[in-house]
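These notes are about the structure you will find just below.
The values are calculated or read from the model by the stated rules, or taken from the named source; none is laboratory data. Please read all numbers here as calculations on a predicted model, not as lab measurements. FYI the Cβ positions are ideal-geometry reconstructions off the backbone, even for glycines, and counts take in every protein chain you see. Ligands, DNA and RNA are excluded from the accessible area calculation, which covers all protein heavy atoms including side chains. Shrake-Rupley method; radii C 1.70, N 1.55, O 1.52, S 1.80 Å.
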Amino acid sequence: MKAAAFLVSCLENEQVRFAFGIPGEENLELMDALRESSIRFVLTRHEEAAAFMADVYGRLTTHAGVCLATLGPGATNLVTGVADAYLDRAPLVAITAQTNLSRVHRESHQFVDILQLFDPITKWNARIESPDTIPEIVRKAFKLAEAEKPGSTHVELPENIADEEANAASRPLPIERIGNPSPDRASLDTAADLIQKAERPIVLAGNGVIRSGASDELRGFAEDLHIPVAHTFMGKGAMPWTSPMNLLTVGVLPRDYELAGLDESDLVIAIGFDFVEYDPRSWNPRGDRRIVHIDSLPAEISVHYVPEVEVVGEIRTSLHVLREQVRRPREPAWAIRSRERVLKRLESELGERSKGVLKPQRILWELRDILGPDDLLISDVGAHKLWLGRFFRTMKPNTVIISNGLSAMGIALPGGIAAKLADPDRRVMTLSGDGGFLMSVHELETAKRERTATVNLVFRDGGLGSIRWKQMAKFGRMTGTGFDNPDFVRLAEAFGIRGFRVEHPSELSSVLSEALQEASPTVVDVPVDYSDNPFIGPGT
């Protein structure tokens, strides 16, 4: 068995179902081995999209998504998606080809040092220099990618090594999914005492709650003890919108932590919180907030984030024990007041339903009634992400995917393809601005070929909305943020799929419902009006 085929057998041992990517001359052996395997290769139209697909697949399944590329430009095209997985804590294994090792000491056609390139955007990366090392390298790549905090790893397979014969006695290594340790009893006792004595505690929930499957425990903890919960963009779904303890997504506006009550609280209980989601300096500018840190790993270092105690270990266990130990539920007045303040602000920002005008906040509010509680919404990066964070009412964990660590435009369309492949029976809608959508529009062909029936909603405003907002706020003028668009309905038809356009607010529900019934991917063009709203402001 050649080394490339042995590598594929190790991937099968890791229960890899899909590999996303584009083949090249230097990974011919690997591609031929995949053809004979149980792994389905998904040909993408760009390597960046392949990495985005592996990224989203990893987030939804907790098993590392796999992306493949050849050397040189194939590998460099993976970089943005690999970096997104690294900062957004998504398990991903990237496999790239490399030239014959006899040429790496000198200048050579298409040769760049991929290991050095990937080093700052992966948890670990290695080159296979002997077929005998393949079982160890593959097992380590997947183990580290999936371990807390999950992220990207990288394996390089030079073309001459791929063609070598592997030792017939070599076998893949056994798989063991590693759980988090139990929290320390002393830290639990200290945390329980701090929570017991606090008069105005608040939870700041991050993506770690969702990754660890601790959403039910968080809800029980918050509702039993009357502690309101704010959450980050990537923590959306950690608490259902219907819970009286649920507040809102923080990180939308510079001072929205005040709306959530973080400035009034006398104790912030940060659960599964990650600095890449929301800089502590933004919600604790003076560094004087009292903090309890509950996570699978110790806290990152920052003068704006100095916990009085760190409860490190399995989040579900920590919340279960604390729920039992804190036996004096406080009066619900603080939580009720916090929730009422949020609802009042959202109501004022929603305003009246404008006749004939498609306002993004109103669209996203009504989208909740169009989608079912288990349907998946994947957000691209752009101005619309701010409204989604604020106004889309999430009911369950892992029903909203948002890139926020790296905040990479172009993730939604390829991410939707991966989501449908992971669970073909689940309804999936992607939401992009016109800027981000055109960065990945070529993957509509992939979506059609793979029969992934995603509904791709495009907010069209002819510009980079969030950058316009910042330019207007800082300079009072805009530069380099406007562009023209194709006819998105006709563009969809050019790919052989249906395109829809929403012309009036009254059409939104019927158009999206029709699109959701299609057996093929669709594009829905929504011309949005960003004027006179609380985020972007007039003149955009």
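What dipole magnitude, in Debye to the nearest 20, does region 236-371 give about its Cα centre under +1 on Lys/Arg Cβ and -1 on Asp/Glu Cβ?
560 debye
Treating each Cα of region 53-161 as an identical point scatterer and ignoring solvent, apply the Debye formula and state log10 I(q)/I(0) at q = 0.13 Å⁻¹.
With one equal scatterer per Cα and no solvent, log10 I(q)/I(0) is -0.43.
Show me the three semi-axes of the equivalent ellipsoid for region 157-304, from the C-alpha gyration tensor (sqrt of 5 times each eigenvalue), largest first, rounded to whole Å.
38, 19, 16
Say the cut-off is 32 Å between C-alpha atoms; which of K396/K474; K149/K344; K385/K474; K123/K359; K140/K448; K2/K123 go over it?
K396/K474; K149/K344; K123/K359; K140/K448
Rounded to two decimal places and with Rh computed the Kirkwood way over Cα pairs, what is Rg over Rh for region 253-311?
Radius of gyration over Kirkwood radius for region 253-311 works out to 0.92.
Could you give me the radius of gyration and the Dmax of region 295-453, taking only the C-alpha atoms into account and expressing both in angstrom?
Radius of gyration, then largest Cα-Cα span, for region 295-453: 19.9, 58 Å.
Can you list residues whose amide H is under 5 Å from T430's amide H, if they're 5+ apart or on another chain and H is modeled 1.01 Å from N?
Residues meeting the amide H criterion: I378, V455, N456, L457.
Let's see if you can work this out: charge +1 on each Lys and Arg Cβ, -1 on each Asp and Glu Cβ, no other charges. What is the dipole magnitude of region 134-242 about its Cα centre, in debye to the nearest 20? Let's see the in-between values first.
Numbers: 12 positive and 17 negative charges, 78 e Å.
In debye, rounded to 20, region 134-242 gives about 380.
Arrange the residues D461, D425 by how much accessible surface each exposes, largest first, with a 1.4 angstrom probe.
Highest to lowest solvent-accessible surface, that is D425, D461.
If you average 1/r over all unlike Cα pairs in region 248-382 and invert the result, what Kirkwood radius do you get in angstrom?
Roughly 17.8 Å, rounded to one decimal.
Could you state the number of Å between the C-alpha centres of region 380-413 and region 320-344?
Centre-to-centre (Cα) distance: 27 Å.
Could you give the size of the charge dipole of region 341-493 about its Cα centre, using +1 on the Cβ of each K and R and -1 on the Cβ of each D and E, expressed in debye and rounded to the nearest 20?
Numbers: 24 positive and 18 negative charges, 143 e Å.
The dipole of region 341-493 has a size of about 680 debye.
When the solvent-accessible surface of protein heavy atoms is calculated with a 1.4 angstrom probe, in what order do T133, T430 fall, highest first?
The ranking, largest first, comes out as T133, T430.
If you find the alpha carbon centre of region 290-314 and of region 66-84, how far apart are they in angstrom?
34 Å
Among G74, P91, A49, pick out the residue whose Cα is farthest towards the positive end of the charge dipole of region 11-128, where Lys and Arg carry +1 and Asp and Glu carry -1 on C-beta, about the Cα centre.
Projecting each Cα onto the dipole axis, the largest value belongs to P91.
Bin all alpha-carbon pair distances of the chain at 10 Å intervals from 0 and give each bin's fraction as a whole percent.
Using 10 Å bins, I get a P(r) of 4, 18, 26, 25, 18, 8, 1, 0 for the chain.
Residue by residue through region 393-410, what is 3J(HN,Hα) from phi via Karplus (6.51 cos²θ - 1.76 cosθ + 1.60, θ = phi - 60°)? Round to whole Hz and write x for glycine and proline.
Taking θ as phi minus 60°, the curve returns 8, 7, 10, 9, x, 6, 10, 9, 10, 10, 7, 9, x, 8, 6, 9, 5, x Hz for region 393-410.
Using a 1.4 Å probe, what is the accessible area per residue for region 1-117, in Å²?
37 Å²
Mind listing the long-range amide H neighbours of G65? Cut-off is under 5 Å, sequence gap 5 or more, other chains count too, H placed in the peptide plane at 1.01 Å from N.
G58, L92, V93
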